[in-house]
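Each remark here refers to the structure printed beneath this line.
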Amino acid sequence: MVDIPLDHVAGIPPAEVGEVELYHPRSWWTRYVFSQDAKVIAVQYSITAMSIGMVALVLSWMMRLQLGFPGTFSFIDANQYLQFITMHGMIMVIYLLTALFLGGFGNYLIPLMVGARDMVFPYVNMLSYWVYLLAVLVLAATFFVPGGPTGAGWTLYPPQAILSGTPGQDWGIVFMLASLILFIIGFTMGGLNYVVTVLQARTRGMTLMRLPLTVWGIFTATVMALLAFPALFVASVMLLLDRLLGTSFFMPTLVEMGQLSKYGGGSPILFQHLFWFFGHPEVYIVALPAFGIISDLISTHARKNIFGYRMMVWAIVAIGALSFVVWAHHMYVSGMHPYFGFFFATTTLIIAIPTAIKVYNWVLTLWRGDIHLTVPMLFALGFIVTFVNGGLTGLFLGNVVVDVPLSDTMFVVAHFHMVMGIAPIMAVFGGIYHWYPKVTGRMLNDVLGKFHFWVTFIGAYAVFFPMHYLGLLGMPRRYHDIGETSFVPASAHDLNAFMSVAALIVGFAQLVFLFNLVWSLFKGKEAGGNPWGATSLEWQTPETPPGHGNWGKELPIVYRWAYDYSVPGAAKDFVPQNEPPSGAVAQGAHP
Amino acid sequence: MAVALILLLVAIASVLFHVYSPWWWTPIASNWRYIDDTINLTFWITGAVFCAVIAFMAYCVLRFHHKEGRRAAYNPENKKLEWWLSIGTAIGVVAMLAPGLVVWHQFVTVPADATDVEVVGQQWMWSYRLPGKDGRLGTSDARLISSENPLGLNPNDPNGQDDVVVQNDDLHLPVGKPVKVLLRSIDVLHDFYVPEFRAKMDMIPGSVTYYWLTPTRTGTFDVLCAELCGAAHAQMRSRVIVEEEKEYHAWLEKQRTFAELSGQRDVAKAAYKTGSE
């Protein structure tokens with residue numbers, strides 16, 4: 001990579017557009033509740049997402065209790081089990097991970113990392129949160145409507161999602177679809193903000209190729225989400241019409257409980273195409289921000305520049321683009337035309353290449369680093385282990401013919417939990433331990449953090465690694481009880497019980513984390529402005545936590561990329577992005 | 001030190017679990033051994049990559065963890081290394097994809113001598129239909145479904161009159177003969193899943209899907225539903241009995257045809273009518 005000459009670095013042009021006056025809160029309400037400050041909105045998003053996530057966590061305990069000890073708990077029957085898996089999946093994927101990565105991390109980090117005072121449309125940003133909150137409340141309400149929440153599985157496949165053989169057919173499914181529609185409306189308002197802010201509000205000197213990878217990850221994920229969520233939006237609207245008005249978008253001529261139904265002429269497969277046209281990019285909407293965060297955690301805590309920055313950026317963009325042409329790998333055994341299998345298996349396995357490059361570059365960043373085994377670093381290491389494991393099992397399921405025996409078995413459940421459950425949540429935790437000092441001004445407790453990491457990492461691995469083998473055995477997913485079979489040995493039930501115990505332990509470790517979040521808010525060690533010695537702009541704010549408008553009087557000017565760690569000849573082992581070049585430092589300055 | 005060791009132990013434990021745990025796929029009973037082979041190949045390649053990445057990571061943590069005075073190296077990129085790694089990955093991907101696609105081609109190419117067998121899914125039971133002496137299945141339509149004609153067979157189709165209908169009972173198949181399994185649902189999505197056959201495919205109301213296989217050993221195998229179909233999804237069971245051709249024909253002889261079943265119903269109804277008058 002070419003080092004740019006000194007005079008170039010210094011010659012950053014003056015801003016062409018003057019600053020726009022921010023909205024300043026006038027009361028407690030507009031400061032903390034109906035706030036237009038992205039940082040407050042980020043905290044609101046995060047707290048809401050984690051609260052509804054706790055519900056999903058409790059649901060997973062219920063599921064594990066049933067699977068580990070079938071028949072023991074009279075308060076879980078087949079219908080409830082289906083309702084639990086449906087709500088658990090939907091909450092975790094959309095209302096927790098998507099909202100937390102984009103609404104939480106995105107809102108907090110984008111303006112700070114690109115050197116902006118706030119998001120470009122603060123009012124719309126505020127609306128985004130309130131619509132999201134409404135979506136969460138509608139979703140939570142399904143637990144209390146007659147018939148309970150829908151038990152159609154998080155994929156909501158028609159016809160069964162809206163027919164009477166499925167729990168929650170009366171109100172649950174209607175509320176679920178309404179909530180999804182609201183979520184997408186809310187997300188679109190936020191998403192436009194994130195994209196425009198990255199493109200338009202970067203401070204002087206912050207070229208696209210100097211952005212921290214966290215911003216690249218969140219930015220690309222948001223662009224993808226803006227393109228993918230509309231497919232879910234129309235699918236939800238059409239399914240709602242099928243359910244409420246008796247249209248037949250997805251409903252062929254069929255029999256409902258022995259009677260010929262009023263439906264006819266629709267296509268159930270069409271729903272699956274729409275769902276997965278959203279659903280596959282969704283995997284990467286959750287993964288790309290995690291990729292970005294992990295890159296920055298590894299670089300900062302190994303005191304070393306991220307290896308192959310440009311390749312990392314292009315890998316993110318390539319993965320984002322490719323993820324729109326692989327959706328039907330979720331449908332190899334759906335009954336779509338079998339020749340689709342050739343195309344989608346090929347595109348799916350091609351994605352493995354840019355993804356593998358990212359993994360190589362993370363571990364190569366560790367190589368010859370100065371690795372501080374802080375809690376964020378531990379979570380980053382845990383992320384790599386679980387992500388590599390889950391990514392590799394993706395090569396089984398993506399390779400069409402290998403998918404045939406494994407699809408709809410516990411192997412799939414194990415795979416996607418590893419790759420888009422455990423791995424992204426490792427990035428979330430790592431990110432929280434890393435940025436909590438900036439958000440609150442205090443450090444999270446280290447001992448509790450390490451306890452949280454080891455129990456979560458080892459425990460989750462102990463739950464999901466053996467689960468693959470239940471799938472190989474042929475155990476289907478979405479069974480509340482496998483019952484009598486000739487092919488599942490008794491020992492598999494012991495394995496299930498073991499996994500359940502591990503899952504409960506992991507669950508309780510999260511309570512330690514929540515305690516740490518609250519306790520450290522008051523009793524945590526004072527953090528100072530830049531406790532990790534990090535280079536990116538959010539650590540260079542004049543105040544910690546950053547005030548309204550982020551930067552005081554003057555916006556920062558960026559002279560270098562975000563990865564000038566351990567630059568030869570520099571006095572310290574990091575050079576902030578906004579530090580002007582001097583002779584000694586400029587040697588390592590990177591475009 | 002401890003962190004590196006634990007990371008390494010995770011990889012070693014995974015490999016040991018894979019090798020020594022008793023949980024592995026059930027012995028195969030169809031011609032799809034190629035699928036198992038492709039999975040095995042994939043296990044070898046991905047397993048090697050997994051161990052290599054974790055071992056390298058553990059080495060880095062051990063060798064380069066922070067010590068007083070250590071300073072990280074500064075190397076933004078290494079084009080050559082990145083390209084070699086990409087090419088190596090691409091080779092690994094091709095090594096898995098190519099055999100996968102070849103086997104998929106076999107999977108979707110039904111041999112000409114395969115016999116049709118229809119499987120009908122409904123909440124929450126399985127029915128089967130086998131062609132009669134003419135070797136052909138009659139047409140069906142969901143709109144014809146009634147309590148007299150639960151599978152919606154076309155009463156005016158001459159091909160369908162001798163079709164053998166097995167309702168809510170075991171399916172028998174002759175060993176060693178290729179079968180094209182036609183899959184039909186009359187209500188919601190189902191999936192005809194016999195773990196020992198390795199093959200599976202969703203059944204969709206409104207269309208007929210299929211796969212083919214050749215049963216390779218005799219025995220009794222569980223049929224499960226692998227696509228969520230509502231409250232009793234987990235209880236939607238049946239059995240497939242693969243047997244020698246002679247036994248199969250003996251079983252087939254005893255089954256009722258569509259004509260017999262519908263004729264018998266007409267008789268029963270007529271008798272009822274007379275009785276009530």
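The values are calculated or read from the model by the stated rules, or taken from the named source; none is laboratory data. This is a predicted model, so every value here is computed, not measured. A quick note on method: Cβ atoms are made from the backbone with ideal geometry, for glycine too, and the neighbour counts reach across all protein chains shown.
Quick notes
- Filter result for B:Leu81 (at the interface with another protein chain (Cβ under 9 Å from one of its Cβ atoms), hydrophobic (A, V, I, L, M, F, W, C) and out of contact with any Gly (no Cβ under 8 Å at 6 or more places or on another chain)): yes
- Scan the range A:467-488 for residues that are within 7 Å of chain B (Cβ to nearest Cβ) and outside any helix (DSSP H, G or I) and the total you get is 10.
- Test: residue in the range A:347-359 that is modelled with pLDDT of 95 or more, in contact with a Phe, Trp or Tyr (Cβ under 8 Å, 6 or more places away or on another chain) and facing another protein chain (nearest Cβ under 7 Å): yes
- Only one of B:Thr26, B:Thr42 that is among the β-branched types (Val, Ile, Thr), within 19 Å of the chain's Cα centre (by Cα) and not in a helix (DSSP H, G or I): B:Thr26
- Picking from residues in the range B:101-120 that are aliphatic (A, V, I, L, M) and at the interface with chain A (Cβ under 8 Å from one of its Cβ atoms), the one that is nearest to A:Thr348 (Cα to Cα) is B:Leu101.
- Residues that are over 27 Å from B:Glu245 (Cα atoms) and surrounded by 20 or more Cβ atoms within 10 Å (Cβ to Cβ) were ranked within the range B:190-218; the one that is farthest from the other protein chains (Cβ to nearest Cβ) is B:His190.
- Any hit, the range B:19-28, residues being buried (at least 16 other Cβ atoms within 10 Å of the Cβ) and either β-branched (Val, Ile, Thr) or more than 7 Å from every other protein chain (Cβ to nearest Cβ) (or both): yes
- Complete set of residues in the range A:359-373 that are closer than 19 Å to B:Thr46 by Cβ and without any contact (Cβ under 8 Å) to a residue 60 or more places away in the chain: A:Val359, A:Tyr360, A:Val363
- For the range B:45-78, the tally of residues that are under 33 Å from the mean Cα position of the chain (by Cα) and either more than 15 Å from A:Gly391 (Cα to Cα) or more than 7 Å from chain A (Cβ to nearest Cβ) (or both) stands at 5.
- Leading residue by the ranking (farthest from A:Ile85 (Cα to Cα)) among those in the range A:128-156 that are in contact with a Leu (Cβ under 6 Å, 6 or more places away or on another chain) and crowded, with 24+ Cβ neighbours inside 10 Å: A:Ala135
- Candidates are the residues of the range B:121-153 that are aliphatic (A, V, I, L, M) and in contact (Cβ under 8 Å) with a residue 60 or more places away in the chain; the one that is farthest from the other protein chains (Cβ to nearest Cβ) is B:Leu130.
Residue by residue, here is whether (1) hydrophobic (A, V, I, L, M, F, W, C); (2) part of a helix (DSSP H, G or I) holds:
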position	(1), (2)
A:Arg31	no, yes
A:Ser35	no, no
A:Ile41	yes, yes
A:Gln44	no, yes
A:Met50	yes, yes
A:Val58	yes, yes
A:Met63	yes, yes
A:Ser74	no, no
A:Tyr81	no, yes
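- Residue in the range A:300-318 that is in contact with a His (Cβ under 8 Å, 6 or more places away or on another chain), of a type in the set (Gly, Ala, Ser) and either at the interface with chain B (Cβ under 9 Å from one of its Cβ atoms) or surrounded by fewer than 24 Cβ atoms within 10 Å (Cβ to Cβ) (or both) present: yes
- Criterion: within 30 Å of B:Leu183 (Cα to Cα), part of a helix (DSSP H, G or I) and of a type outside the set (D, E, K, R) - qualifying residue of A:His329, A:His337: A:His329
- Taking the range A:132-166 as the range and being β-branched (Val, Ile, Thr) and closer than 17 Å to A:Ile91 by Cβ as the test, the residues that pass are A:Val136, A:Val138, A:Thr142, A:Val145, A:Thr150, A:Thr155.
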